[in-house]
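We did not get these values from a lab; they are worked out from the coordinates using the rules stated. Treat the numbers as computed from the prediction; the structure is a model and nothing was measured. For neighbour counting, all protein chains shown are included, and Cβ atoms are generated from backbone atoms with ideal geometry for every residue, glycine included.
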Amino acid sequence: MKHKNELRGAFICIGILLLLMLVILLTPADAAYGLTTQRQDDLHTAADVLRTLGYADDSEVIQRLKAEWADEEDALNIIAKVIKNEAPGTPDAQWCPLWHQAAVGQIIVNRVNDPRFPSTVRDVVSAPYQYTTAYCSGFENVEQHYYDMARLVLDGEAARLYGIPDDIIFHDNMAHGPIWKTSYINTGWFSSTTYFCKG
């Protein structure tokens, strides 16, 4: 009898997990959690599943998921600020084209994945002689479309949509290696050429 109850409990847990997965697949992430990355959505789902299995919010495993969520939120905020300040533009890309904005954000992710650079977005952006540390603490008035682009970058969609290679690690007004693409901006009162280079 005990064995039957354990087996029944296991089937109930599996059923709950399958139901949760179905709900998640049918619910748009933005509608459920606001602007989040796919990674954050996955972490939120994992925490919900653990709660249904009896884990408390203060358990070590859920606390670890919450810490990863916070790290991802930090990365989203920083990349949005970098894009706004390094590649300003409107949603219809009147200044920097959308591919330019995407590439600026993707370079940060490419650096995180490159062993020659620090392993977090915050550390890449605050590294000496690279960006400004203000991107990690200031510039709070960031418009929604920069967050949208940052999310695309972190979800891997920006690289796919705009064909950005994973070895593009520089953007500057001077070439620092083999040039992937060049962007020329002329607003009438300001002009600039940006070189996107492979490392």
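The table for this structure:
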read-out: Cβ-placed point charges (K, R +1; D, E -1), dipole of the range 84-199 about Cα centre in debye, nearest 20; value: 220 debye
read-out: Overall Cα dimensions of the range 48-199 - principal axes, largest extent first, Å; value: 60, 32, 29
read-out: Size of electric dipole in the range 57-108: Cβ of Lys, Arg +1 and of Asp, Glu -1, about Cα centre, debye, nearest 20; value: 360 debye
read-out: Residue-count net charge about CYS197 - beta-carbon cut-off 13 Å; Lys, Arg +1, Asp, Glu -1; value: +1
read-out: Phi-based couplings in Hz for the range 181-192 (Karplus 6.51, -1.76, 1.60; Gly and Pro marked x); value: 7, 10, 10, 10, 10, 9, 8, x, 10, 8, 9, 7
read-out: Loop trypsin sites (Lys or Arg not before Pro), the range 72-169, which have at most 13 other Cβ atoms in a 10 Å radius of their Cβ (DSSP); value: ARG116
read-out: Relative frequency of Cα-Cα separations exceeding 17 Å in the range 60-113, percent; value: 46 percent
read-out: Leading residue at positive end of dipole, the range 71-199 (Cβ point charges), from LEU161, ASN77, ALA150; value: LEU161
read-out: All Cα pairs of the range 94-158, percent lying beyond 20 Å; value: 29 percent
